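These notes are about the structure you will find just below.
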Amino acid sequence: MKYLITFLIFLFFQSTNIFAQDYLFPTSASNKLTSTFGEFRPGHFHAGLDIKTFGKEGFPVFAIEDGFVWKIRVSPFGYGKAIYLKLNDGKFVVYAHLQKFSPEIEEFVYQKQQKTKKYRVVQEFSSEKFPVKKGDVIAFTGKTGIGHPHLHFEIRDKFNVPMNPLKFYSNIEDTKPPLIQKFVVESQNFESQVNGNFLAQEIPFTSNGKFYSLKDTLEISGSVGLAVEISDVANGVTNSYAPYKVQLFVDSLLTFEVRYDEIPFETTRQVELDRNYRFLRTHKDKMNNLFLKEGNELRNYKLSPNSDGTVGIKNGEGIHDFEIKTQDYFGNTSILKGVFRVKELNQIGIFSAEEKNFPTEQVFSFGGKDYAFLTDWNLKNFKISTNGNIRELTNALESQNDLEASSLILVEKDKTIYEKSFGENSEQFDFEIQFHENFGVLETKFTEVSKSFPEIWINGIPRPAFKISERIFQTSFSFDFLNEDFLRIEINGKEIIERVQKITKDKEKKTFSEDQKIQVDFGRTSLYQDIFVTVKEGNLQVPNTETLGKSYEVRPYEIPLKGAASIKMFYPSETLDSDKLGIFYLENNGKWYFLEGENNSEKAYFETKVLSLEKFVLAYDRELPQILNVYPKNSAKGNFDKIKFRVKDEISGIKDEESVSLTVNDEIVVFEFDPETDEILYKPRQNFKKGKNKFSIEVVDKVGNKQSFKSIFWVN
Ligand SMILES: [Zn+2]
């Protein structure tokens with residue numbers, strides 16, 4: 001690399017880490033970070049460090065050790081301009097979002113772009129083409145691809161597995177402990193509760209410097225998983241980072257540990273299992289799970305024997321101490337301490353016999369099982385005359401009621417299976433089902449304060465209701481209660497039928513909406529675990545365009561997909577302009593986004609692949625894309641050295657630079673495209689010819705609507 005300038009490196013930037021190879025820091029821009037290794041990114045872990053360039057571009061980027069340029073990539077998206085070195089010790093180094101490469105690599109890229117007439121370049125090199133020496137300037141920092149100006153920097157081992165680059169550097173100043181922001185406890189099955197609630201609970205705590213403690217004893221039944229939101233901080237910057245290490249100790253024993261040293265690309269999608277996907281989808285929180293989710297193959301954990309990190313009944317009934325300890329790479333530590341009490345899931349919210357002073361407790365046998373009544377009326381002469389199901393039994397019991405009784409509780413061994421109050425019941429209610437991996441939680445919300453508990457049946461089985469507040473009751477159920485893909489819920493005699501289909505991992509299966517207008521196909525690699533899917537029809541519309549038919553909500557969106565599922569939406573075969581149709585989904589921010597896919601006009605459907613379950617609609621994009629802010633203006637005269645414009649499409653959007661073509665003086669030219677601003681810049685190496693120049697622009701949106709523009713300008 002003979003044209004490269006070797007920089008004198010200030011000792012300030014030099015690593016003095018005694019554990020590591022003596023790698024050079026990759027840039028002189030700064031030794032401050034905006035992101036660390038292992039942070040959450042949508043669908044993957046952050047594979048390196050982001051080094052701050054304070055909004056500026058053009059700082060030199062150095063070869064950190066001797067080696068050669070192994071690969072370069074140029075793209076308007078992702079890493080933008082990126083350079084990959086292979087070091088003599090076998091490791092790989094990646095530098096991304098570069099403004100430009102060293103002059104001879106820039107020349108190589110230019111020639112290649114002229115030959116292919118494409119902006120994108122991916123090129124591998126042999127070791128002889130561009131060898132580098134430690135300290136050579138191989139590129140300059142920039143903001144190409146996605147994000148603000150910064151240097152994205154990765155070190156990968158000889159198998160191309162990204163490693164935590166902090167292992168090699170000690171020039172970053174960090175004496176501040178991580179901050180614990182949020183603590184959540186989540187039920188793992190239908191027999192688990194946190195503080196009397198089946199749904200995940202955010203637990204308050206107090207802090208005193210780097211020590212945090214829970215205000216109250218946690219009440220736990222069954223099995224629960226803990227999750228924490230941590231933002232690490234460093235000296236002299238306001239950025240917040242993900243932690244390097246998080247540990248959970250129960251009764252002083254290490255139960256769970258996660259540490260971000262290495263993350264192979266094959267498993268990087270499992271960031272959705274490592275972090276809490278439910279809180280990510282519902283609150284945009286990036287919380288670390290302190291337990292293992294099914295399907296998690298990451299090797300970043302340490303667990304106590306036979307443990308998955310969940311706590312609760314396995315720790316035994318009674319009081320337990322726990323401690324969550326989190327560290328950054330420099331050993332700064334914060335600790336959250338608390339106490340939890342494990343107890344059997346029982347009549348929290350259901351009044352017990354003792355409380356009501358019920359006089360009678362009678363045990364009897366029915367259908368081969370022992371039951372007991374807890375009631376305040378006399379059942380001495382009661383005879384069970386039915387042989388049918390529990391429903392018939394409770395009907396028979398209720399018919400014995402002399403109307404003076406206030407309640408009836410039916411107990412199977414120690415478990416309440418049926419509870420009926422004869423007080424006034426608020427008639428008006430709303431309900432919601434929360435989906436978990438293997439269970440559901442039905443929340444019944446009365447419009448007025450309910451004096452008694454609702455009577456809940458799920459697929460013919462009576463289920464206790466738990467009082468959460470004056471108006472809200474919860475009932476949990478295992479999806480094993482499902483029969484034939486239907487969930488039949490009865491709330492105070494009102495029947496609600498939900499189609500819920502079990503999708504088994506490793507098997508192909510289709511599910512439909514009731515009107516069969518949407519089909520969801522799960523493949524062998526779509527799922528981490530079995531899930532239960534519902535498709536609900538709605539009336540959502542994409543604004544500013546025409547929506548065709550209904551909207552469809554495919555749940556559970558709180559559970560991550562391992563791989564793609566296919567969504568097919570059918571339209572009537574006689575539909576006009578069907579080639580202008582596409583599937584859109586609703587994002588958390590309230591906006592609808594077009595999903596690229598294929599329109600099969602013969603079979604009258606649009607198909608797309610998704611990596612998450614969402615709300616979907618079929619809608620038209622009949623509008624042409626726009627070409628804006630064209631420079632130079634038509635017929636302008638001057639000393640122009642570039643052509644600039646912006647492309648915009650409100651409905652389906654512009655896919656990428658290949659959707660735009662620019663012809664200058666009858667020749668197709670290669671331009672830069674910034675997908676964040678949709679700006680296009682063409683700056684020729686040679687000046688435009690003197691006198692009249694002409695250019696034309698063509699742009700297509702994602703459904704193929706085409707706009708064109710022609711213009712001339714004069715160069716003095
Ligand atoms: Zn980055």
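Taken together, the residues in the stretch 658-698 that are among the aliphatic types (A, V, I, L, M) and in contact with a helix residue (DSSP H, G or I) (Cβ under 6 Å, 6 or more places away or on another chain) amount to 1. Residue pairs whose Cβ atoms lie under 6 Å apart, sitting 6 or more positions apart in sequence or on different chains, and linking a residue in the stretch 88-114 that is within 12 Å of residue 72 (Cα to Cα) and in a strand (DSSP E or B) to a partner that is away from the ligand (no atom under 16 Å from the Cβ) and of a type outside the set (A, V, I, L, M), are 100/106; 100/140.
Of all residues in the stretch 477-491, which are modelled with pLDDT of 80 or more and under 31 Å from the mean Cα position of the chain (by Cα)? Those that are modelled with pLDDT of 80 or more and under 31 Å from the mean Cα position of the chain (by Cα): 477, 478, 479, 485, 486, 487, 488, 489.
For the stretch 187-206, the candidate set comprises residues that are part of a strand (DSSP E or B) and open to solvent by 50 Å² or more (accessible area, probe 1.4 Å); within that set, the residue that is farthest from residue 309 (Cα to Cα) is 206. Residues of the stretch 313-340 that are more than 26 Å from residue 179 (Cα to Cα) and in contact with a Gly (Cβ under 8 Å, 6 or more places away or on another chain): 313 alone. Residues that are aliphatic (A, V, I, L, M) and either away from the ligand (no atom under 16 Å from the Cβ) or not in a loop (DSSP other than H, G, I, E, B) (or both) within the stretch 22-50 comprise 24, 33, 49, listed in sequence order. Scanning the stretch 65-104 for residues that are more than 16 Å from the ligand (Cβ to nearest atom) and touching a helix residue (DSSP H, G or I) at 6+ places or on another chain (Cβ under 8 Å) returns 69, 72, 74, 76, 100, 101.
Conditions (1) closer than 29 Å to residue 435 by Cα; (2) of a type in the set (Gly, Ala, Ser); (3) in contact with a Gly (Cβ under 7 Å, 6 or more places away or on another chain), marked per residue:
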position	(1), (2), (3)
195	yes, no, no
201	yes, no, no
214	yes, no, yes
236	no, yes, no
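Yes/no matrix, rows are residues, columns are (1) within 16 Å of the ligand (Cβ to nearest atom); (2) closer than 22 Å to residue 465 by Cα; (3) open to solvent by less than 40 Å² (accessible area, probe 1.4 Å):
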residue: 149; (1), (2), (3): yes, no, yes
residue: 173; (1), (2), (3): no, no, no
residue: 181; (1), (2), (3): no, no, no
residue: 185; (1), (2), (3): no, yes, yes
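Scanning the stretch 495-511 for residues that are open to solvent by 50 Å² or more (accessible area, probe 1.4 Å) and either under 17 Å from residue 564 (Cα atoms) or in contact (Cβ under 8 Å) with a residue 40 or more places away in the chain (or both) yields a total of 6. More than 13 Å from the ligand (Cβ to nearest atom), at pLDDT 50 or above and open to solvent by less than 40 Å² (accessible area, probe 1.4 Å) - does that describe any residue in the stretch 4-21? No, the conditions are met nowhere in the stretch 4-21.
Checked against the criterion of being surrounded by 18 or more Cβ atoms within 10 Å (Cβ to Cβ), within 16 Å of the ligand (Cβ to nearest atom), among the aromatic types (Phe, Trp, Tyr) and touching a residue at least 12 places away in the same chain (Cβ under 8 Å), the stretch 121-141 contains not a single residue that satisfies it. Which members of the stretch 146-165 meet the condition of being more than 17 Å from residue 23 (Cβ to Cβ) and either out of contact with any helix residue (DSSP H, G or I) (no Cβ under 8 Å at 6 or more places or on another chain) or among the acidic types (Asp, Glu) (or both)? Residues satisfying the conditions are 146, 147, 148, 149, 150, 159. The stretch 558-637 holds strands (runs of 3 or more DSSP E) entirely within its bounds, and those carrying 1 or more residues that are farther than 30 Å from residue 688 by Cβ and open to solvent by less than 10 Å² (accessible area, probe 1.4 Å) map to 565-570, 581-586, 605-610, 615-620. Only one entry in 140, 159 is part of a strand (DSSP E or B) and more than 21 Å from the chain's Cα centre (by Cα), namely 140. For residue 685, indicate whether it is exposed (fewer than 13 other Cβ atoms within 10 Å of the Cβ) and either in contact with a Phe, Trp or Tyr (Cβ under 8 Å, 6 or more places away or on another chain) or outside any loop (DSSP other than H, G, I, E, B) (or both). Taking the combined requirement at face value, the residue satisfies it. With respect to the conditions (1) within 28 Å of the chain's Cα centre (by Cα); (2) over 30 Å from residue 297 (Cβ atoms); (3) not in a strand (DSSP E or B), residue 474 falls short on a single one, namely (3).
So that you can scan it fast, the table gives a plain yes or no per residue for (1) polar (S, T, N, Q); (2) modelled with pLDDT of 95 or more:
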position: 174; (1), (2): no, no
position: 179; (1), (2): no, yes
position: 191; (1), (2): no, no
position: 194; (1), (2): no, yes
position: 203; (1), (2): no, yes
position: 217; (1), (2): yes, yes
position: 221; (1), (2): yes, no
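Can you find a residue that is within 11 Å of the ligand (Cβ to nearest atom) and open to solvent by less than 10 Å² (accessible area, probe 1.4 Å) anywhere in the stretch 51-60? Yes, the stretch 51-60 contains a residue that is within 11 Å of the ligand (Cβ to nearest atom) and open to solvent by less than 10 Å² (accessible area, probe 1.4 Å). Restricting attention to the stretch 67-87, the residues that are open to solvent by 40 Å² or more (accessible area, probe 1.4 Å), farther than 14 Å from residue 150 by Cβ and in a loop (DSSP other than H, G, I, E, B) total 1.
Flag: residue 308 matches the condition of being within 20 Å of residue 183 (Cβ to Cβ) and free of Cβ contacts under 8 Å to residues at least 60 places away in the same chain.
The residue of the stretch 451-471 that is most open to solvent (accessible area, probe 1.4 Å), among those that are among the aliphatic types (A, V, I, L, M) and part of a loop (DSSP other than H, G, I, E, B), is 468. Taken over the stretch 528-557, the residue count meeting the criterion of being free of Cβ contacts under 8 Å to residues at least 40 places away in the same chain and either part of a loop (DSSP other than H, G, I, E, B) or charged (D, E, K, R) (or both) is 3. When you check residue 158 against the structure, is it open to solvent by 50 Å² or more (accessible area, probe 1.4 Å), touching a strand residue (DSSP E or B) at 6+ places or on another chain (Cβ under 9 Å) and touching a residue at least 12 places away in the same chain (Cβ under 8 Å), yes or no? Judged against the criteria, residue 158 is a match.
The values are calculated or read from the model by the stated rules, or taken from the named source; none is laboratory data. None of the values given here were measured: they were computed from a predicted structure. FYI the Cβ positions are ideal-geometry reconstructions off the backbone, even for glycines, and counts take in every protein chain you see. Note: accessible area is taken over every heavy atom of the protein model, side chains too, but ligands, DNA and RNA are not part of it. Shrake-Rupley method; radii C 1.70, N 1.55, O 1.52, S 1.80 Å.
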